[in-house]
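Every number in this text was worked out from the coordinates using simple rules, so none of it is lab data. All values reported here derive from a predicted model rather than from experimental measurement. Cβ placement follows ideal geometry from the backbone for every residue including glycine, while neighbour counts extend to all protein chains displayed.
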């Protein structure tokens, strides 16, 4: 049978899982935003099941939106464009970000692309 401490991870592992620094986790704990278990030796341990990135974002961060941009220069590369979009979507989703992926097909020297204009206006 697993004890409660067997489900918990170190501060370094928790920071990595959330994509923040160890200092940030300590600050969140000091402010009461996050509760850590402590080992007999006084080391912090965190339950990964309770570490949801969206729970720790400030209101300003929650309103932020990430815009990712993918572009290829020719119709022959349309499959490459789809792969780029998938990679960007996966990365943004894993970071827990609210995001939008804008994609364009056309030369990098053509600044009149619809997606590029939309990106610059965002």
Spatial separation of Cα centroids for segment 24-54 and segment 67-122, in angstrom: 37 Å
Rg(Cα)/(2.2 N^0.38 Å) for segment 65-121, N = residue count: 1.14
Using Cβ counts within 10 Å as a stand-in for footprinting exposure, how do 9, 72 rank, fewest first? 9, 72
Förster-model FRET efficiency, 41 Å R0, residue 114 and residue 39, C-beta, rounded to 0.05: 0.15
Sites residue 83 and residue 10 - FRET efficiency at Förster radius 41 Å, r taken between beta-carbons, to 0.05: 0.70
